[in-house]
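Comments concern the structure below.
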Amino acid sequence: MLSKSIEKALNKQIRIEAESSQVYLAMAVWAEVKGLEGISNFMYDHSDEEREHMLKLIKFVNERGGHAHISELAAPSVEFSSFQVMFEKLLEHEISVSQSINELVHSSLQEKDYATHNFIQWYVSEQIEEEATARTILDKVNMIGDDKGGLYLFDRDIQQLNINS
Ligand code: OFO
């Protein structure tokens, strides 16, 4: 059985994962409109993954006797001044998600809720991979800079990146 405070913390994470899905979706749309199909597909796929992260949390909360809360979401950024800026925002976003996961680990230990602590380890590993992917992409995008040819090739190659699920 979940304590009220852990239930609240998990529900906050449900909202964060739903917002992450929207963040990636908005980036997918922006890239698609700009004609970069590879980047757009990467973002669409990632948006789906974030929804999976949210659903996994919802199931856990309900199975543990809590009530998953579906809440209003913050609107994501829908315009970016460049691809570089978009990928910088993506990394910042993933870092903030990792911080929130870390807080959940901390609270579950404080409350001696080892079931939640165990469950949340999957997210800890996931965030390590997601931050690493976001950093790799940003390094490449920074190298490309304003080179249109480089961006074209990157758009083709992003599909090959090892995307975690
Ligand atoms: Fe990329 O955030 Fe979910 O876990």
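The alpha carbons of segment 88-165 give a radius of gyration and a Dmax of 16.5, 54 Å, in that order. Springs join every pair of Cα atoms under 10 Å in this Gaussian network model of the chain, and among GLY66, GLY149, GLY38 the largest mean-square fluctuation is at GLY149.
Going by how many other beta carbons lie within 10 Å of each one, how would you line up MET43, MET27, fewest first? Display every interim value, and only then the final one.
Numbers: MET43 24, MET27 27.
Ascending number of Cβ neighbours within 10 Å: MET43, MET27.
I'd like the orientation of helix 148-157 relative to the chain: the angle between its Cα long axis and the longest Cα principal axis, in ° from 0 to 90, rounded to 10. Between helix and principal axis, roughly 50 degrees. For segment 58-106, what log10 I(q)/I(0) values come out of the Debye formula at q = 0.16 1/Å, with one point per alpha carbon and no solvent? The computed values of log10 I(q)/I(0) come out as -0.71.
Beyond 19 Å, how much of the Cα-Cα pair distribution for segment 1-84 remains, as a whole percent? Intermediate values should be presented prior to the final figure.
Working: 1537 of 3486 pairs.
The calculated P(r) of segment 1-84 puts 44 percent of pairs beyond 19 Å.
Computed from the Cα positions only, the extents of segment 35-165 along the three principal axes stand at 53, 25, 24 Å, in decreasing order. How tilted is helix 83-110 with respect to the longest principal axis of the chain? Cα atoms for both, answer in degrees (0 to 90, nearest 10). Around 10 degrees separate the two axes.
Order these by the 10 Å Cβ neighbour count, fewest first: ASP146, ASP48.
Values: ASP146 9, ASP48 14.
Least to most surrounded, the residues fall as ASP146, ASP48.
Between the helical axis of 114-144 and the longest alpha-carbon principal axis of the chain there is an angle of about 10 degrees.
Computed from the C-beta positions of ASN142 and TYR44, the FRET efficiency with R₀ = 22 Å rounds to 0.40. Shown for the chain: lysine pairs separated by 8 or more places, or found on different chains, whose C-alpha atoms are under 23 Å apart, numbering 19. For the pair LYS4 and GLU37, the difference between a 0.36 nm per residue extended length and the Cα-Cα distance amounts to 7.5 nm.
Throughout, read-outs are computed from the coordinates displayed, never taken from laboratory work. It should be emphasised that the depicted structure is a prediction, and the values quoted were computed from it without experimental measurement. Here Cβ is always computed from backbone atoms with ideal geometry, including for glycine, and neighbour counts include all displayed protein chains.
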